[in-house]
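Structure, as structure tokens:
The values are calculated or read from the model by the stated rules, or taken from the named source; none is laboratory data. None of these values were measured; they are calculated from a predicted model. Cβ coordinates were reconstructed from backbone atoms using ideal geometry, including for glycine residues, and neighbour counts include every protein chain displayed. With ligands, DNA and RNA removed, areas are computed over all heavy atoms of the protein, side chains included. Shrake-Rupley method; radii C 1.70, N 1.55, O 1.52, S 1.80 Å.
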Amino acid sequence: MHAAAQGRAHARTTTPPGGSGRGAMRGRAAVAALLLLLLAAVGAGAAPERKAHNYEDALRKSLLYFEAQRSGRLPHNQRVAWRDHSGLTDGLEQGVDLVGGYYDAGDHVKFGLPMAFTVTMLSWSMIEYGDDVEAAGELGHALEAIKWGTDYFIKAHTKPDELWAEVGDGDTDHYCWQRPEDMTTSRQAYKVDRERPGSDVAGETAAAMAAASIVFRKSNPHYASLLLHHAQQLFEFADKYRGKYDSSIAEVKSYYASVSGYKDELLWAALWLHRATGKVQYLDYVVDKADCFGGTGWAITEFSWDVKYAGVQILAARLLLRGEYEERHRSTLEQYRAKAEHYVCGCLGRNADGGADANVERSPGGMLYVRQWNNMQYVTNAAFLLAAYADYLGDAGGVGAVSCAGGETAGAREVAALARAQVDYVLGTNPRGISYLVGYGAKYPNRVHHRAASIVPYKHSKEFIGCTQGFDHWFGRRSSNPNVLVGAIVGGPDRRDRFRDNRENYMQTEACTYNTAPMVGMFAKLNRMARQEREQEEVTAPARTTATQTAADV
């Protein structure tokens, strides 16, 4: 609008036909200026200049990472060749088959809560951006990544009120530095049941299976139905026998304690079951429990494997924006939306009320910073939530603004731009110019804190490596890991964008499955956007060239 007004002002300065001398020169200058303004208008609305990233390459690599984290008997189409079978006796002592699933990070314990959250976020990625994943040719690999987790959850859910929540012991595991193929550490398995409840881990597993059932509905309807059956049973178990799983399984407290409790997981599971089934009883649950479970009470500025409130609030806000509710739900869903927008505004730094904790800190390079240990999990999860919410706002038509505490607002485009900026930071648009997605770009971490990646591959050297032998021969080496953990997103830099690529620096160099899971959706979405931008560039480039030439001729 400003450019158009300037154009009209310049147009009024042109001289009448037949003018000459200074007037004619002013006229030609004015026409040239007008053409240049029109040229600017052609490019109006374009994103600020940024380093181009190959999001399709990042997507492919992110899905490879999940193959590196596989436990169990590896399939014939396994692409990460430096891994081999492991954990083949898991559950044997307890008389149950617990072979399979994922190692969560650089060690070899199978922790149920973060594993389930990983699968939920992989599934949500596919629900929102599955067409984009398919367009990039990665649909099969994405479905395999989800199914490797859900197949394990089916095994682990041995009775309606029984779920095996952990295999291995963190203390003994961390005492050793071995390849998973050589494991000599305890493979003790731990479960939650009626006497030892775990509503958080059961709730998250229900959410994962409900979300995955949506993903498989078209390609494998029988499997989708099986997943939904397990999800409903797990939710009933989690809700009926309430308790924190770290009170039932003491061994998990030092590693994945449920600090937020289980109420967020119950709301989270109910919302995913509502989305998977359409049954109003699940939405009634989310509305009825909104206050007493903290869903409309907690104003949160982080989202992670432990704290689901922001995700709950954004899913509830989606229902409001899409009109998928009954009138009795409206006022509560509006409260959920207000809290969802507190999270969004907190990431944008737009909450004027609420004190210092109302907004997320930013590093000088623009990275969202929540805490020192594995900060990238908050960055990648925030990017996904922001992108999804921007899309929900866009789909809602005229309801495209976010209302922040203190009266400020933000548009859907600004929210989406922040999501993209966080992804680009991960990929190397940062002060250090380093990609925190391993294997992507020219510069990335080479000494990832990861047992299997840091030791010669089992297939190349089957000589047994003992528990502490790995520390002696491999952990302390200054050289790069012999195996590149492609697709892993490490813990990342500190609040000043500083990063030390040392294997001992586990707070920054260890990678986790739940860091990468939300980025599968983000890379797919941004790949589509980048393609559209290139196509738009091809359309507008000739117009800009013509305008420039005409201006020069004048």
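Quick check on my filter: what residues within the range 309-367 are of a type in the set (Val, Ile, Thr) and either open to solvent by 50 Å² or more (accessible area, probe 1.4 Å) or within 16 Å of residue 414 (Cβ to Cβ) (or both)?
Within the range 309-367, 344, 360 meet the criteria.
Scan the range 498-523 residue by residue and report those that are touching a Ser or Thr at 6+ places or on another chain (Cβ under 7 Å), closer than 25 Å to residue 59 by Cβ and open to solvent by less than 20 Å² (accessible area, probe 1.4 Å).
513, 514, 515, 516, 517, 518, 519, 520, 521, 523
Among the listed residues 216, 235, identify the single one that is under 22 Å from residue 285 (Cβ atoms), aromatic (Phe, Trp, Tyr) and either open to solvent by less than 20 Å² (accessible area, probe 1.4 Å) or within 24 Å of the chain's Cα centre (by Cα) (or both).
235
Determine, yes or no, whether residue 200 is within 19 Å of residue 165 (Cα to Cα), touching a Leu at 6+ places or on another chain (Cβ under 9 Å) and not small (Gly, Ala, Ser).
yes
Which number in (1) touching a helix residue (DSSP H, G or I) at 6+ places or on another chain (Cβ under 9 Å); (2) under 22 Å from residue 84 (Cβ atoms) marks the one condition that residue 490 misses?
(2)
Considering only the range 145-262, give the helices (runs of 4 or more DSSP H) lying wholly within it that have at least 3 residues that are of a type in the set (S, T, N, Q).
By residue number, 199-215, 221-240.
Conditions tested, residue by residue: (1) over 25 Å from residue 528 (Cα atoms); (2) free of Cβ contacts under 8 Å to residues at least 24 places away in the same chain; (3) part of a loop (DSSP other than H, G, I, E, B).
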| residue | (1), (2), (3) |
| --- | --- |
| 58 | no, no, no |
| 83 | yes, no, yes |
| 89 | yes, no, yes |
| 93 | yes, no, no |
| 97 | yes, no, yes |
| 100 | yes, no, yes |
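For residue 118, are the conditions met, namely being of a type in the set (Val, Ile, Thr), part of a helix (DSSP H, G or I), touching a Ser or Thr at 6+ places or on another chain (Cβ under 8 Å) and within 15 Å of residue 305 (Cβ to Cβ)?
So residue 118 fits the description; yes.
Give me the helices (runs of 4 or more DSSP H) completely within the range 374-456, filtered to those with at least 2 residues that are in contact with a His (Cβ under 7 Å, 6 or more places away or on another chain), ordered by residue number.
In the range 374-456, 412-427 are the helices (runs of 4 or more DSSP H) which contain 2 or more residues that are in contact with a His (Cβ under 7 Å, 6 or more places away or on another chain).
Taking the range 474-522 as the region of interest, how many residues are more than 20 Å from residue 66 (Cα to Cα), assigned to a loop (DSSP other than H, G, I, E, B) and not small (Gly, Ala, Ser)?
15
Looking at the range 433-466, which of its residues are within 17 Å of residue 502 (Cβ to Cβ), touching a residue at least 24 places away in the same chain (Cβ under 8 Å) and of a type in the set (D, E, K, R)?
447, 451 - these are the residues of the range 433-466 that are within 17 Å of residue 502 (Cβ to Cβ), touching a residue at least 24 places away in the same chain (Cβ under 8 Å) and of a type in the set (D, E, K, R).
What do you reckon, is residue 303 assigned to a loop (DSSP other than H, G, I, E, B), touching a residue at least 60 places away in the same chain (Cβ under 8 Å) and crowded, with 16+ Cβ neighbours inside 10 Å?
In short, yes.
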